[in-house]
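Worksheet for the structure shown next.
Throughout, read-outs are computed from the coordinates displayed, never taken from laboratory work. Treat the numbers as computed from the prediction; the structure is a model and nothing was measured. Note that we place each Cβ from the backbone using ideal geometry, even for glycine, and neighbour counts take in every protein chain shown.
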Amino acid sequence: MAYRSGLLSPMAERDKLAHLLRRATFGPTAEEVDAAERDGLEATIARLVGPSDPNLGPPIPVITNDPVDSLPRDATGAQREAARKTRETQIATITNWWLDRMVVAGSQLEEKMAFFWHGHWATSIEKVDSAHLMLLQHNTFRRYGQGDFAAFVKAMVRDPALILWLDGQRNTRKAPNENLARELLELFCLGIGNYTEDDVKAGARALTGWVVERGSGKTRLDMSRYDAGEKTILGQTGKFDADGFADVLLNLPASQRFVARRLWFRFASGDPVPEEVLHKLVSAYHAGKGITTMLLAMFSHPAFLATRGQLVKQPLEWAVGAMRQLGLRPSTLAENDRKQLMNSLDGLDQVPFRPPSVGGWPHGAAWLTSHSIQVRLRLAEMLAARTPNSVLAKLNEAPQEGRPDALAKLLVVDAWTPRTRAVLDGAAKDSRKMLALGLVSPEYSVH
Amino acid sequence: MDFLTRRKFLLASGVTGAGAIAAGVTWLPMKEIMQTAGELTGLAPGVPKILVIVTLYGGNDGLNTVIPYNDPAYAKARPDLAYDEGEVLKLDEVAGLNPALKGMHQAFERKQVAIVRSVGYPKPDRSHFRSMDIWHTGEPERPGNTGWLGRWLDTAGGDPRLAVSFEQVLPPLLAGEASAGAVVGGNGLRLPKTFNMKSISGLGQVVPGEPKLQARAASCFEALAGVDQLIKDVIEDAAERAKAGETQATGTGGQTAIQQQFNLVAQCIEAKVATRVFSVSLGGFDTHADEKQPHQTLLGMLDRAVTGFLDRMSKSEQGKNVVVLVYSEFGRRVKANASDGTDHGTASDVFLLGHGVKGGIYGQPPDLKDLDRGGDLKYTTDFRDVYATVLERVLETDADRVLPKWSGRLPQIV
């Protein structure tokens with residue numbers, strides 16, 4: 001039988017649901033697709049964007065201050081060393097926690113959105129160097145990331161981690177530093193082509209004066225460093241401060257269009273969003289509860305269903321999805337395995353809290369390199385080796401020639417190409433080996 | 001933007017989705033490149049023929065690279081960042097090199113370094129991503145999705161072996177419309193025991209009709225088999241020739257990433273492979289605060305790698321056919337910010353180095369008293385003049401096919 005990717009034929013209902021869940025979650029299990037099939041598309045979308053699932057996963061770690069920055073001035077060398085160690089432990093703790101939560105949490109879309117915003121306001125712990133501040137920012141993503149984008153932006157211009165990341169604490173009336181203002185225009189709110197260099201300069205003046213107390217994570221406006229003068233930003237003139245600047249930005253239709261494009265880019269397709277869809281998403285934003293309503297409109301749009309196969313799984317989506325489907329959980333892996341997992345994510349260039357630049361994570365074909373495949377081979381081998389027998393039984397129960405089909409169901413792959421099918425058939429005697437091959441397969445690499 | 005590494009920058013660039021790359025033509029078995037050993041013909045002694053392009057990612061601070069040491073406006077604009085006359089390595093009565101560029105200074109005195117001053121493009125863009133896209137594409141008005149050397153490769157027949165990068169992903173500048181350069185990188189291939197070459201190449205068969213990105217994923221498997229061979233062949237070849245006393249052995253250990261890239265380039269050139277363009281890069285130039293020392297460290301890495309390479313090239317005939325071009329996406333603002341750093345700027349210097357280069361200073365030095373409205377330097381030489389000159393004088397190509405209707409050229413610099 002000739003291979004048909006199914007892209008040209010009408011989608012089976014189950015394939016539609018699988019597509020939705022692959023995008024709106026970190027990787028659905030077969031049981032989740034079964035449940036969605038029972039509920040139907042509309043109800044499934046409503047549940048995804050609806051109130052939290054009671055299973056939140058492991059609770060957010062509590063970190064009240066940064067151990068190093070809270071030291072008294074006269075701290076001894078030994079105290080400093082100990083504080084640095086504590087900080088390192090905190091950084092490992094929040095990284096492990098988030099990874100674990102991505103796998104376990106019932107509210108998968110909420111987790112996906114927290115991750116989306118992390119990539120949007122891409123801030124790295126490499127420079128911020130404080131688990132406490134990164135976690136404060138993370139909580140802001142969860143608190144504001146579903147509703148009104150304007151409120152969200154106003155919270156972010158006060159966010160200590162973002163301010164430190166983009167040198168905002170160095171931005172003063174006497175000597176403006178443009179870093180934060182530029183990225184607010186270019187990467188966070190409007191996108192290139194919607195502002196001028198003069199807007200960057202004036203925006204930087206509006207953002208002057210914010211200082212961060214690193215120990216406590218409090219930010220405040222120091223009036224002696226703030227430029228209270230008149231600014232002209234994007235055609236508006238006034239004595240704008242940070243909030244005023246945000247209002248000018250967010251009153252532009254370009255800002256909602258920008259957010260809609262970014263959501264489409266990560267949840268739907270690397271191809272540009274069709275103008276008609278963009279229009280719908282922006283209207284939905286205004287008509288309802290901001291970002292959540294925009295998501296609802298996106299998932300419900302027929303154009304979204306047509307984007308199957310148009311995204312490459314990001315390494316975290318790939319690894320977290322695999323663990324969800326294989327019944328594995330990072331926090332219960334043996335120490336060595338957990339280390340291997342974290343090292344592999346590092347090798348794949350995607351570790352939570354460590355985006356490569358303020359531009360966020362790469363996209364699409366950029367993830368598909370021979371180098372990344374080598375890392376995936378090793379990680380896939382480990383994950384397959386640790387897969388519990390109860391999960392493996394789902395493959396072994398099938399007769400040998402049917403095992404690749406059982407594998408497709410387990411991994412929520414719509415269909416194998418004859419190419420991959422032949423490779424899986426060749427390994428079907430050894431279901432762990434077949435599983436590892438399925439995990440690295442081209443079909444499982446995209447969604 | 002911070003902590004931007006070379007590889008990650010490449011990943012973030014909008015150009016990487018370009019035509020030829022999307023088709024998946026990225027990796028080549030090295031065997032195929034090494035099989036071209038000896039194929040580089042038509043070499044005339046000392047006449048440029050091979051280009052090594054060095055990209056400095058993050059915006060190298062031009063004013064602290066080629067320093068207007070006795071310009072009071074410079075010292076005034078950067079009280080804590082400026083170098084004084086006693087520190088710089090003098091080039092002439094107005095300009096001196098950063099003290100970290102000792103080797104390049106010596107090469108300048110040997111007349112093997114040409115420095116083109118104040119290079120830029122109209123309406124400078126201060127976004128790293130956008131500006132780097134502009135330099136990669138050579139299209140400042142509207143960066144498209146092909147790189148300037150990728151378009152050259154299209155005109156040169158499209159054989160990927162002609163344009164090679166030792167970076168982990170293909171730099172956008174090597175992506176053409178119909179063809180793309182080859183990438184050689186990573187370490188040797190050791191398959192985990194679950195996998196064998198048969199299954200790997202099995203997964204590498206592209207199936208007609210499958211989604212584009214899925215096909216791309218498959219093609220990575222196809223390429224995987226070639227990766228190991230590629231590195232092995234270069235290293236073996238170098239070792240053999242070292243044994244035969246033809247050249248020095250590969251340096252090992254303690255090398256910076258850019259040195260390693262240059263070593264692989266050197267090995268290829270010594271083997272006279274068919275490659276005409278090599279791409280090399282160094283990242284980390286994106287600093288905004290307390291940047292004097294880190295900047296000097298980076299320049300030192302660049303200096304050691306480039307001058308080590310030039311020395312090595314001077315030992316073979318074909319090495320004298322090499323031209324190295326060093327550039328960054330923009331310079332920095334004249335005035336320091338309050339954080340002892342500099343913000344994104346505009347025009348900066350481009351370096352051309354090699355045996356066949358007519359050393360000296362070209363173009364207009366920056367005028368710190370005549371800044372644009374943003375407090376930035378005005379460019380006086382368009383970067384396309386540099387590209388066009390290199391296309392004609394090094395790659396022996398009609399520049400019009402790569403940069404249509406661009407008539408600007410540098411004086412007889414190579």
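For the peptide A:434-445, the mean number of other protein chain Cβ atoms found within 10 angstrom of a residue's Cβ is 5. Run through the range A:19-110 and list the trypsin sites (Lys or Arg not before Pro) located in a DSSP loop whose Cβ has at most 14 other Cβ atoms within 10 Å. Hits after loop and neighbour filter: A:Arg73. Selection among B:Ile67, A:Ala365, B:Leu97 by position relative to the dipole of the protein assembly as shown gives A:Ala365 as farthest towards the positive end (Cβ unit charges, Cα centre). Local charge for A:Thr86 was computed over the other residues whose Cβ lies under 14 Å away, with Lys and Arg +1 and Asp and Glu -1, and equals -1. Packing here is the average count of other Cβ atoms within 10 Å per residue, and on that basis the peptides A:59-69, A:24-34, highest first, run A:24-34, A:59-69.
Shown is the FRET efficiency for A:Ser52 and B:Asp290, computed with R0 = 56 Å from the Cβ-Cβ distance and rounded to the nearest 0.05: 0.80.
Of the residues A:Ala319, A:Ala122, A:Ala303, the one that moves most in a GNM of chain A with alpha-carbon contacts below 10 Å is A:Ala303. Listing A:Phe265, B:Phe221, B:Phe309 from fewest to most neighbouring C-beta atoms within 10 Å gives A:Phe265, B:Phe221, B:Phe309.
Only Cα pairs under 8 Å and at least 6 apart count here; give the relative contact order of chain A as a rounded whole percent. List each step's numbers first, then the result.
Working: 631 pairs, mean separation 82.5, N = 447.
After rounding, I find 18 percent.
Electrostatic tally near A:Gln400: other residues with Cβ closer than 12 Å to its Cβ, Lys and Arg +1, Asp and Glu -1, net -3. Within straight-line reach of B:Lys358, meaning a Cα separation under 20 Å, sit the following lysines at least 8 residues removed in sequence or on another chain: B:Lys49, B:Lys90, B:Lys102, B:Lys111, B:Lys315, B:Lys320.
Between A:Met11, A:Met323, A:Met102, the GNM of chain A built on Cα springs shorter than 10 angstrom shows A:Met11 fluctuating the most. Holding the Cα-Cα limit at 29 Å, pick out from A:Lys16/A:Lys313; A:Lys280/A:Lys409; A:Lys174/B:Lys292 the pairs that are longer than that. Going by Cα-Cα distance, A:Lys280/A:Lys409 fall outside the 29 Å limit. Taking 14 Å as the straight-line reach from the Cα of A:Lys339, the aspartates and glutamates in range (excluding those fewer than 8 positions away in the same chain) are A:Asp100.
At a 10 Å Cβ-Cβ cut-off, how would you order B:Cys220, A:Cys189, fewest neighbours first?
On the way: B:Cys220 28, A:Cys189 25.
Lowest to highest Cβ neighbour count: A:Cys189, B:Cys220.
Once the cut-off is 27 Å, how many percent of the Cα-Cα pairs in the range A:311-445 end up in the long-distance tail? List each step's numbers first, then the result.
On the way: 1756 of 9045 pairs.
Summing the P(r) of the range A:311-445 above 27 Å gives 19 percent of all pairs.
Dividing the summed helix terms, -39500 (n - 2.57) for each DSSP H run of n ≥ 4, by the number of residues in chain A produces a 222 nm estimate of -17000 deg cm²/dmol to the nearest 500.
For the range B:117-184, applying the loop criterion from DSSP together with a ceiling of 11 other beta carbons within 10 Å to the GluC sites (Glu not before Pro) yields B:Glu141.
By the gyration tensor of its Cα atoms, with a ≥ b ≥ c the square roots of the eigenvalues, what is the shape of chain A: rounded for a/c under 1.5, prolate for a/b over b/c, or oblate? Taking the square roots of the gyration eigenvalues as a ≥ b ≥ c, chain A is oblate.
Taking Cα centre as origin and charging only the Cβ of basic (Lys, Arg, +1) and acidic (Asp, Glu, -1) residues, the dipole magnitude of the protein assembly as shown rounds to 940 debye.
Mind checking A:418-426 for the average number of partner chain beta-carbons within 10 Å of each residue's beta-carbon?
Per residue, the average neighbour count from other chains is 4.
For the peptides B:273-280, B:357-364, what is the packing order when you average, over each peptide's residues, the other Cβ atoms within 10 Å and list the highest mean first?
Details: B:273-280: 23.9, B:357-364: 17.8.
Packing order, densest peptide first, comes out as B:273-280, B:357-364.
What you get for the range A:105-171, charging only the Cβ of Lys and Arg (+1) and of Asp and Glu (-1), is a dipole of about 140 debye around the Cα centre.
Which net charge results for the neighbourhood of A:Leu249, defined as the other residues with beta-carbon distances under 14 angstrom from its beta-carbon, given Lys and Arg at +1 and Asp and Glu at -1? Show your work: numbers first, answer last.
Details: positive: A:Lys154, A:Arg182, A:Lys231, A:Arg257; negative: A:Asp148, A:Glu183, A:Glu186, A:Asp199, A:Asp241, A:Asp243, A:Asp247.
Taking every other residue near A:Leu249 into account, the sum is -3.
GNM remark for chain A: springs join alpha carbons under 10 Å apart, and the peak mean-square fluctuation among A:Pro330, A:Pro399, A:Pro315 falls on A:Pro399.
Our Cα-only numbers for the protein assembly as shown put the radius of gyration and Dmax at 27.5, 84 Å.
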